[in-house]
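Colleague: Okay, handing you the structure first.
The values are calculated or read from the model by the stated rules, or taken from the named source; none is laboratory data. Everything quoted here is computed from the prediction, not taken from an experiment. Positions of Cβ are backbone-derived with ideal geometry, glycine not excepted, and every protein chain shown enters the neighbour counts.
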Amino acid sequence: MIATAVVIALHVVGIAMLLSLWRLLRGPSLPDRILALDTLYVNTIAALMLFGMHLGSAIFFEAALIIAMLGFVGTVVLSRYVLGRDIVR
């Protein structure tokens, strides 16, 4: 029962990733694309965690943590770029 719920959740997260990718490629403005990229990495974290639960492996949780840290830094850098400020101070 729980394994079925995890597989269904993986499919739903996969659809969300495809929709985020579509917005990333077709976004009307740069802030929309940055938000889509942010959403895409959050969906990737969710997919990795669900896949780790499905396989019973802890390595996927560590990979999700690394993606979360890199995604946060990337979002901050891109946001500072959009605001027109200096990226590195």
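Colleague: Restricting to the stretch 56-68, and then to whatever is in contact (Cβ under 8 Å) with a residue 12 or more places away in the chain and not small (Gly, Ala, Ser), can you tell me which residue is surrounded by the fewest Cβ atoms within 10 Å (Cβ to Cβ)?
Modeller: PHE61
Colleague: For the stretch 56-84, give me each residue that is assigned to a helix (DSSP H, G or I), more than 22 Å from LEU21 (Cβ to Cβ) and modelled with pLDDT of 90 or more.
Modeller: ILE59, PHE61, GLU62, LEU65
Colleague: Could you check ASP38 against (1) under 12 Å from the mean Cα position of the chain (by Cα); (2) over 20 Å from ILE67 (Cβ atoms); (3) charged (D, E, K, R) and say which number it fails?
Modeller: Among (1) under 12 Å from the mean Cα position of the chain (by Cα); (2) over 20 Å from ILE67 (Cβ atoms); (3) charged (D, E, K, R), the lone unmet condition for ASP38 is (2).
Colleague: Tell me, please, whether a residue that is without any contact (Cβ under 8 Å) to a residue 12 or more places away in the chain and in a helix (DSSP H, G or I) can be found in the stretch 39-55.
Modeller: The answer is yes; a qualifying residue exists.
Colleague: For THR4, are the conditions met, namely being of a type in the set (S, T, N, Q), assigned to a helix (DSSP H, G or I), at negative phi and touching a residue at least 24 places away in the same chain (Cβ under 8 Å)? It would help to see each step written out before you state the result.
Modeller: On the way: of a type in the set (S, T, N, Q): yes; assigned to a helix (DSSP H, G or I): yes; at negative phi: yes; touching a residue at least 24 places away in the same chain (Cβ under 8 Å): no.
So THR4 does not fit the description; no.
Colleague: Now for a different question. Does LEU25 satisfy being more than 13 Å from the chain's Cα centre (by Cα) and assigned to a helix (DSSP H, G or I)?
Modeller: So LEU25 passes the test.
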